[in-house]
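Here is the structure we will look at.
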Amino acid sequence: MIQAKNISIATVRREIEASAEELFDAWLDPASLAVWMRPGGILSSTAKVDPYEGGAFEIVMHSAEGPIIHTGSYRVIDRPRRLVFTWISPATGQTETLVSVEFHAGYRTTEIVVVHEKSPPDAFYSYTKGWRDAIKLLAQKMATERTSKSATR
């Protein structure tokens, strides 16, 4: 964790067996987001996206305690290398934070690096865990899709 002036930066990395294009697209497709953007005890999610620079998104995570609304707008959409968007949620005190996602393509895998900046220090651990959980679900989604494609060949 990097912390300065009551602001923290959470960074999560994971290598996933999928192309950078497939993983990048999974971040901008509302049906895909609804499948894997449900960290921790989230029961289900819904998503709306306007996938262009300046476009908005809304992800509603449904927990046992009720809905948790996350909103933001896309700052950079550089397929399949980089995605940058703002992130506003109850955990940020409804204050705008910044998330950058980089996709580093390898031979058969792609490393995803998520950096969440400008979040309140008390949200650091929940965001780090949340991004780890979500990226793990994304990896599982990609593995399931890969298995399905292999079975139909």
Matching residues, region 101-130, being surrounded by 19 or more Cβ atoms within 10 Å (Cβ to Cβ) and either aliphatic (A, V, I, L, M) or at pLDDT 95 or above (or both) = V101, F103, T110, I112, V114, A123
Checked region 26-58 for anything in contact with a helix residue (DSSP H, G or I) (Cβ under 6 Å, 6 or more places away or on another chain) and surrounded by 14 or more Cβ atoms within 10 Å (Cβ to Cβ); matches are A26, S32, V35, W36, M37, P39, S45, T46, A47, V49, P51
Index of the failed condition, S32 passing every other in (1) assigned to a helix (DSSP H, G or I); (2) among the hydroxyl-bearing types (S, T, Y); (3) modelled with pLDDT under 95 = (3)
Selection from region 79-91 of residues more than 13 Å from the chain's Cα centre (by Cα) and closer than 12 Å to Y52 by Cβ yields R79
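The values are calculated or read from the model by the stated rules, or taken from the named source; none is laboratory data. Fair warning: this is a prediction, and the values are worked out from it, not measured in the lab. Ideal geometry is used to build each Cβ from the backbone, glycine not excepted, and the neighbour counts take in all protein chains shown.
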